[in-house]
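Peer 1: Got a structure for you, written out below as structure tokens; questions coming shortly.
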Number of protein chains: 4
Amino acid sequence: MRDIQKEKPEFEFPLNKVGVKDIAYPLTVLDKENKEQHTVANINMYVNLPHTYRGTHMSRFIEILKKHRGQITYKQIKILLQEMKDIFDAECAHIELTFPYFIEKKAPVSGQKSLLKYDVKFDASFGKIFHFILQVNIPVQTLCPCSKEISKYGAHNQRSFVSISIESKGLFWIEDLVKIGEESASTEIFSLLKRSDEKFITEKAYDNPRFVEDVVRVITEQLNKEKNIKWFSVGVESFESIHNHSAFAFYEKK
Amino acid sequence: MRDIQKEKPEFEFPLNKVGVKDIAYPLTVLDKENKEQHTVANINMYVNLPHTYRGTHMSRFIEILKKHRGQITYKQIKILLQEMKDIFDAECAHIELTFPYFIEKKAPVSGQKSLLKYDVKFDASFGKIFHFILQVNIPVQTLCPCSKEISKYGAHNQRSFVSISIESKGLFWIEDLVKIGEESASTEIFSLLKRSDEKFITEKAYDNPRFVEDVVRVITEQLNKEKNIKWFSVGVESFESIHNHSAFAFYEKK
Amino acid sequence: MRDIQKEKPEFEFPLNKVGVKDIAYPLTVLDKENKEQHTVANINMYVNLPHTYRGTHMSRFIEILKKHRGQITYKQIKILLQEMKDIFDAECAHIELTFPYFIEKKAPVSGQKSLLKYDVKFDASFGKIFHFILQVNIPVQTLCPCSKEISKYGAHNQRSFVSISIESKGLFWIEDLVKIGEESASTEIFSLLKRSDEKFITEKAYDNPRFVEDVVRVITEQLNKEKNIKWFSVGVESFESIHNHSAFAFYEKK
Amino acid sequence: MRDIQKEKPEFEFPLNKVGVKDIAYPLTVLDKENKEQHTVANINMYVNLPHTYRGTHMSRFIEILKKHRGQITYKQIKILLQEMKDIFDAECAHIELTFPYFIEKKAPVSGQKSLLKYDVKFDASFGKIFHFILQVNIPVQTLCPCSKEISKYGAHNQRSFVSISIESKGLFWIEDLVKIGEESASTEIFSLLKRSDEKFITEKAYDNPRFVEDVVRVITEQLNKEKNIKWFSVGVESFESIHNHSAFAFYEKK
């Protein structure tokens, strides 16, 4: 059979990215407490395409993915990207894996344990240098300092999402980023709370009002202290309970 | 050309629904204050298919829709469905239109005006009888009665969505359903609030704690009083600010 | 602490459903080939609420879920729903679990293996009778019979989704429903295809043109033959490659 | 009342972006054929926040938006961003508006007219320089050259989305970008096609097979010829009808 993909294209532009998107795949990822955790990822994989080839062989991405099933760690991703470069004869390879990750949390008073889900993304590329960006999305509560200050009683609060992206020297645990994110908010949140916990959480949030701007700055202060973090960005989006839109703040360390 | 759709199918089952889904279309709908409002809808259209036909001619749905552009009212939908029955030689025709609808609201203290969006659905079918169901989704705030009761200060609150579906005798205004939904919550919400409004809203919600169960019951009490409403259902989903999941309650009048 | 939920409501309507929505949870489900499979589910849980209670204790849903972690089978779900009835003193309990499920498939010519994802839903309720509905969503290809018939060459085809819901006597394997769905289409699809497979798939689809109406009827014919299936419905949605909307057909066995 | 937002923050980092997200708003935009078009947008608005302020006054974003209702053109957006800079005392202002846009198209043989929806984004920022990026997402059909070449008959094809982003000198019409995108694919698509049109489209696509890589390169060739375009990027995603994932290609002009 003719290999059309290998032929010369009509217009000889090199392409930045060719590949496959939205592949669902079961994964095993490292877990700080339990060694490993089973999850399901949504995956994108790309390489650059030189101007001399018309197309890429999309099936090879799936073959590479298949070969590495169950080994999606910081180290394995570098090996996988090197294989992509070799197999596709490419200068740069790129993979994005997005997956739910669960951490068991203890309610603050009752001590009841429950699992909370965090959306995690590994965004890794390997051109001349290997880059690995870890992104963690952390649900929290923010309570509005302005609302508390101006009101005789009460204060509006809401579910907010902290999104932290980092590039670190070596492994940085998801669990450690989650901790930094949760401690920055008015209060962390839980899947299972008894009434004694609910009282604790309610009062803690009221004692600790935070704008989205405050949360971003508290996290920035913490991440600046981490010597193993080379680059980071922090976004906080608050699903305001007095509006039908969000408040948002963002910082990027250049 | 052969008309394959009109031929006999291999297996002669009558089908409940055949049609088109996810058509985007600009609409003009009735507006209680401003006579009409421009919006953009997502539309599904179906008819039943007798056992004798292999398929339906999907392009005819679009032709019917095109003919009625700009006239999507209670009365016009009945005419449109009758046309669907005639053109497709069908016993039953069905249309679903989902669209954002805006109402101008006045902030409670400053009086500042702003637009709030409500997601609305018209779900109409015409078999032997014409049925028209109006669904309105209303963003509100709920403040937890339990959290208020057990805590020394503060109370968790959050954005919640009230979904009311009704079948009425004649026209029932979207605006009137929105009012019933908003008055049932701890507080209604707004796009634009100055600080005096934020104080008012915060205190109002604290004075008026509501479980999702309470909101459903208050609305049920109101809708039961409306003589023009023949059937209704009410769902309330609260995006809890102490959890990463929702609380939900639902009532249907049989 | 006062137990507000147990108090009398202002308006004494019994509610059809109260509960929790959109809980993410890791699951282990039965796998026909590999005994079990790890996945991550989105879960809703409800009970009815008598007119005498103001609210329900939402944390108990999470406690019940936690207790059953790793045991989400047909049998366990019945036990779980009975526990919900007991703990909430309810007449009816309801659970919905939606999750990705992977099946290893062999490419038709090369024999290369790869995983394909199917979205699965368990929808179970237990009032007087236990009902368990299994829904499987199956990606396939449909090739248009009309386009093939009227064109000198070629025929438009596209990705389509078959959604089959059944209520069966006893266990019915996800894998067996998937097979019925895949055999009904112009061709089944795969994650990994070499060129020999792509040729096979392309020609198979062209030899086997199907409207969405055809696919629904072929599946209906098959499900009618299954003696263990008491009730079913079949929907097929085709993401037309000549339009930006879908074609849809639906049958329900009453 | 105390103005908490104006106070000094605990940690004095300047923030890149503070603002509001996910505001729904009715818009009037310019239309090449009909002068103007009513639509509904999803809007994000941000400014940078100096290290000296704790927070921003979120309500002001809505006030600015309200003032400009009905005037969202290239020129008005520059004025709006200048107002944001003035009102927030900011060095940089940023707005993103995403909305459905409809173009009336004529079927190729029957000449029947119908509306097709394109998702459009205006992404504008004003720091020292005003940047306005227009993004248009265009649904098309791609037919696989490899599948056509290796198969005795037929060829798999599918719905694909072309996403073109440009920065131009002065106004560049949405309609003109759509034309470039549609002409690059195996065939453009329509909402309403009679059988004679379906035959034409089917054969045209078969005569004109295109990989996602081809489509990106054809568009790149065209955009390079446009003297008023200073920067652009092109992404093409194809919802493969033989897989349950997408093929993707991307080019960015630096």
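Peer 1: Taking the stretch D:97-142 only, how many residues are within 27 Å of residue D:198 (Cα to Cα) and basic (Lys, Arg)?
Peer 2: So the count comes out to 4.
Peer 1: Moving on. Only one residue in A:69, A:60 is at negative phi, of a type in the set (D, E, K, R), within 11 Å of chain C (Cβ to nearest Cβ) and buried (at least 17 other Cβ atoms within 10 Å of the Cβ), so which one is that?
Peer 2: None of the others qualify; the one that does is A:60.
Peer 1: Sticking with this one: Regarding residue B:30, is this residue aliphatic (A, V, I, L, M) and closer than 15 Å to residue B:100 by Cα?
Peer 2: Yes: the conditions hold for residue B:30.
Peer 1: I need the full set of residues from the stretch D:1-30 which are farther than 22 Å from residue A:243 by Cα, touching a residue at least 40 places away in the same chain (Cβ under 8 Å) and in contact with a strand residue (DSSP E or B) (Cβ under 7 Å, 6 or more places away or on another chain), in order please.
Peer 2: Matches in the stretch D:1-30: D:28, D:29, D:30.
Peer 1: If you scan the stretch A:149-171, which residues turn out to be over 17 Å from residue B:189 (Cα atoms), over 24 Å from the mean Cα position of the chain (by Cα) and not aromatic (Phe, Trp, Tyr)?
Peer 2: The answer is A:149, A:150, A:152.
Peer 1: Which pairs have Cβ atoms under 7 Å, sit 6 or more apart or on different chains, and link a residue in the stretch D:112-126 that is over 16 Å from residue D:168 (Cα atoms) to one that is among the polar types (S, T, N, Q)?
Peer 2: D:114/D:191; D:115/D:191; D:116/C:244; D:116/D:191; D:117/C:244; D:118/D:137; D:119/D:98; D:119/D:137
Peer 1: Among (1) within 30 Å of residue D:43 (Cβ to Cβ); (2) of a type in the set (D, E, K, R); (3) modelled with pLDDT of 95 or more; (4) over 19 Å from the mean Cα position of the chain (by Cα), where does residue B:69 come up short?
Peer 2: The number of the failed condition is (3).
Peer 1: When you check residue A:109 against the structure, is it among the hydrophobic types (A, V, I, L, M, F, W, C), more than 26 Å from residue A:50 (Cα to Cα) and not in a strand (DSSP E or B), yes or no?
Peer 2: Spelling it out, residue A:109 is indeed among the hydrophobic types (A, V, I, L, M, F, W, C), more than 26 Å from residue A:50 (Cα to Cα) and not in a strand (DSSP E or B).
Peer 1: For residue B:85, are the conditions met, namely being within 14 Å of chain D (Cβ to nearest Cβ), over 30 Å from residue B:191 (Cα atoms) and in a helix (DSSP H, G or I)?
Peer 2: In short, no.
Peer 1: Take the stretch D:32-44 and flag every residue that is touching a residue at least 60 places away in the same chain (Cβ under 8 Å) and not in a loop (DSSP other than H, G, I, E, B).
Peer 2: D:37, D:39, D:40
Peer 1: Also: Restricting attention to the stretch D:169-189, which residues are within 12 Å of another protein chain (Cβ to nearest Cβ), touching a helix residue (DSSP H, G or I) at 6+ places or on another chain (Cβ under 7 Å) and buried (at least 23 other Cβ atoms within 10 Å of the Cβ)?
Peer 2: The answer is D:184, D:185, D:186, D:187.
Peer 1: Could you list all residues from the stretch A:72-89 that are modelled with pLDDT of 90 or more, under 26 Å from residue A:171 (Cα atoms) and either basic (Lys, Arg) or in contact with a Pro (Cβ under 8 Å, 6 or more places away or on another chain) (or both)?
Peer 2: Answer for the stretch A:72-89, where residues must be modelled with pLDDT of 90 or more, under 26 Å from residue A:171 (Cα atoms) and either basic (Lys, Arg) or in contact with a Pro (Cβ under 8 Å, 6 or more places away or on another chain) (or both): A:78, A:85.
Peer 1: How many residues does the stretch B:1-22 contain that are at the interface with chain C (Cβ under 7 Å from one of its Cβ atoms) and either assigned to a strand (DSSP E or B) or surrounded by 13 or more Cβ atoms within 10 Å (Cβ to Cβ) (or both)?
Peer 2: Going through the stretch B:1-22 one residue at a time, the tally reaches 13.
Peer 1: What single numbered condition from (1) part of a helix (DSSP H, G or I); (2) surrounded by 15 or more Cβ atoms within 10 Å (Cβ to Cβ); (3) more than 12 Å from chain D (Cβ to nearest Cβ) fails to hold for residue B:47?
Peer 2: The number of the failed condition is (1).
Peer 1: So which of B:128, B:194 ends up being of a type in the set (Lys, Arg), within 14 Å of chain A (Cβ to nearest Cβ) and surrounded by fewer than 21 Cβ atoms within 10 Å (Cβ to Cβ)?
Peer 2: Going through B:128, B:194 in turn, just one is of a type in the set (Lys, Arg), within 14 Å of chain A (Cβ to nearest Cβ) and surrounded by fewer than 21 Cβ atoms within 10 Å (Cβ to Cβ): B:194.
So that you can scan it fast, the table gives a plain yes or no per residue for (1) closer than 21 Å to residue C:190 by Cα; (2) in contact with a strand residue (DSSP E or B) (Cβ under 8 Å, 6 or more places away or on another chain); (3) surrounded by fewer than 23 Cβ atoms within 10 Å (Cβ to Cβ); (4) among the hydroxyl-bearing types (Ser, Thr, Tyr):
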| residue | (1), (2), (3), (4) |
| --- | --- |
| C:104 | yes, yes, yes, no |
| C:138 | yes, yes, no, no |
| C:142 | yes, yes, no, yes |
| C:146 | no, no, no, no |
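The values are calculated or read from the model by the stated rules, or taken from the named source; none is laboratory data. Note that this is a predicted model, so its numbers are computed, not measured. Glycine also receives a Cβ, built like all others from the backbone with ideal geometry; neighbour counts cover every protein chain displayed.
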